Amino acid sequence: AFNGATTGNYDLKITADGNYSNTPPVLSSLSGAADTLYLKFDGYSAVGDGWNNNNAYTIAAYDLNGNPAEWTPLERLAIENVWKVVAEDYRPFNINVTTSYSGSFANGVAHRQVVGNSNGSEIGLADKPLGVSSFGCYTDNVVNQGFTFANSFEDFVGSAGASGEAMAKALEMGNTSSHEFGHALGLYHYGGNNAQPNGIMHAPDDGLNRER
């Protein structure tokens, strides 16, 4: 703030901007591509799609500050890092990895990967998986979505706080999102004697790497 003087000392005051966006960041890796992988962070509800025994369910929006209606700088950074991981994984292919999509999910043109504050219990899963999708569902007109359960990744935050949320946890959420889309495309796990730690479908036991 200017203190009224033209010479001498000045007072510089920096205050936080509390006017956050009400939409997730819009990111796309290959606009106009023939296929789309939609990372949906703003919540999802459905019924009769095969999940939760065909009963209604809701996956809460990805949220770090208790207000799902706003997208703070930390949340936007974490979302961007998730997107970067997935976009890099599928860069060799004619696939647009995006956080904004309103087109069709039928006939194998797009897949919805829901990334939200859930541990899987909302769709009837009790073992707190990191993510899930239906094998080969990319060409299914009804069950063409997978899930990345943000609440199952707390082990990757530890004492790192906000940094852990935006970096280590976001990295693993990206790995899992790529992995589950691989299942949607009809890819199986591999590993063991043919371990490929940097492969999308590698299934290690732990560590900052590819996740089931």
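When you go through 150, 168 one by one, which is the residue that is more than 21 Å from residue 91 (Cα to Cα) and at pLDDT 95 or above?
150
Would you mention how many residues in the range 21-43 are open to solvent by 60 Å² or more (accessible area, probe 1.4 Å) and touching a His at 6+ places or on another chain (Cβ under 6 Å)?
0
If you check 75, 122, 80, which single one turns out to be at pLDDT 95 or above and open to solvent by less than 10 Å² (accessible area, probe 1.4 Å)?
75
Give the range 83-98 a look and list any residue that's more than 17 Å from residue 27 (Cβ to Cβ) and open to solvent by less than 20 Å² (accessible area, probe 1.4 Å), or say none.
Matches in the range 83-98: none.
Is it fair to say residue 158 is more than 19 Å from residue 38 (Cβ to Cβ) and at pLDDT below 85?
yes
Residue 141 - would you say it is open to solvent by 10 Å² or more (accessible area, probe 1.4 Å) and either of a type in the set (A, V, I, L, M) or in contact (Cβ under 8 Å) with a residue 24 or more places away in the chain (or both)?
So residue 141 passes the test.
What pairs can you find where one residue is in the range 87-108 and free of Cβ contacts under 8 Å to residues at least 40 places away in the same chain, the other is open to solvent by 90 Å² or more (accessible area, probe 1.4 Å), and their Cβ atoms are less than 6 Å apart, with a gap of 6+ or different chains?
106/141
Assuming residue 101 fulfils every condition listed in (1) surrounded by 20 or more Cβ atoms within 10 Å (Cβ to Cβ); (2) touching a Phe, Trp or Tyr at 6+ places or on another chain (Cβ under 9 Å); (3) at pLDDT 95 or above apart from one, which condition is it?
Single failed check for residue 101: (1).
Do you know which residues across the range 24-71 are part of a strand (DSSP E or B) and over 16 Å from residue 122 (Cα atoms)?
Selection gives 28, 35, 36, 37, 38, 39, 40, 71.
Residue 58 fails exactly one of the following numbered conditions: (1) surrounded by 17 or more Cβ atoms within 10 Å (Cβ to Cβ); (2) touching a helix residue (DSSP H, G or I) at 6+ places or on another chain (Cβ under 8 Å); (3) under 30 Å from residue 88 (Cα atoms). What is the number of that condition?
If we test residue 58 against (1) surrounded by 17 or more Cβ atoms within 10 Å (Cβ to Cβ); (2) touching a helix residue (DSSP H, G or I) at 6+ places or on another chain (Cβ under 8 Å); (3) under 30 Å from residue 88 (Cα atoms), just (1) comes out false.
If residue 48 satisfies every condition in (1) open to solvent by less than 20 Å² (accessible area, probe 1.4 Å); (2) on the phi > 0 side of the Ramachandran plot but one, which is the exception?
All conditions pass for residue 48, except number (1).
The values are calculated or read from the model by the stated rules, or taken from the named source; none is laboratory data. Everything quoted here is computed from the prediction, not taken from an experiment. All Cβ positions, glycine included, derive from the backbone under ideal geometry; neighbour counts span all protein chains shown. These accessible areas exclude ligands, DNA and RNA; they are computed on the full protein's heavy atoms, side chains included. Shrake-Rupley method; radii C 1.70, N 1.55, O 1.52, S 1.80 Å.
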